[in-house]
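> Attaching a single structure in structure tokens format; questions to follow.
Since every read-out is calculated from the coordinates, none of them should be taken as a lab result. Small disclaimer: the values here were computed from a predicted structure and weren't measured. Neighbour counts are summed over all protein chains in view; Cβ atoms, including those assigned to glycine, are modelled from backbone coordinates with ideal geometry.
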Amino acid sequence: MDFDKYKRKMLYPGRLAGPGVLSKGDLATLRRLSVGQDKIAEHDRLVEEHRQKKIAYQNEEANIRAEFRRDAIEACDLTGHPRANDAFDMAWDDGHSDGYRAVFSRLEELSTLLLSEREMREHLRNVERAGREDSA
């Protein structure tokens, strides 16, 4: 599995700071005194710009995570399995702090159990069918 395709292209916007950004106290004082409207407008513009960058970052992160989920489930041959999402969530909880490789490794381990369960159910269905055919 190619894990490089799940790397973010954007950097997290970080903390809002720099020229034009006012402290809460300065902002409150300027608003209360109704002075420095140009400074307030610049501050508000910077705050909104920062908010939009954070939203874009979070959207990119969500899209990457959804793509990884789909690809990992497919690579582990769990597509359509009723417990695929549960297994992925368990793998995510166990490994996401160590990266996508750790999540995928854990999902592979869990998939052997789920696939064994699927094979067992298929075997039981075959036995049941064979029993019906023998009695007919």
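> State to the nearest 20 debye the size of the charge dipole of the chain about its Cα centre, where the only charges are +1 on K and R beta carbons and -1 on D and E beta carbons. Let's see the in-between values first.
Numbers: 24 positive and 27 negative charges, 189 e Å.
The dipole of the chain has a size of about 900 debye.
> Full extension from residue 132 to residue 96: what is 0.36 nm times the residue separation minus their Cα-Cα distance, to one decimal in nm? Display every interim value, and only then the final one.
Numbers: separation 36, 0.36 × 36 = 12.96 nm, distance 4.73 nm.
Between residue 132 and residue 96, full extension yields 8.2 nm more.
> While we're looking at this one, here's another question. Using the alpha-carbon atoms, what tilt in degrees (0 to 90, nearest 10) does helix 24-33 show relative to the longest principal axis of the chain?
The helix 24-33 is inclined about 50 degrees to the chain.
> Which of 21, 66, 104 sits closest to the plus end of the dipole of the chain, meaning its Cα is farthest towards the positive end, when Lys and Arg get +1 and Asp and Glu get -1 on the C-beta?
Result: 21.
> If you put +1 on each Lys and Arg Cβ and -1 on each Asp and Glu Cβ, how big is the dipole of region 1-75 around its Cα centre, in Debye rounded to 20?
The dipole of region 1-75 has a size of about 260 debye.
> Compute the FRET efficiency between residue 41 and residue 10 as 1/(1 + (r/R0)^6), taking r as their Cβ-Cβ distance and R0 = 22 Å, and round to the nearest 0.05.
Details: r = 27 Å, r/R0 = 1.21.
Working from the Cβ atoms, E equals 0.25.
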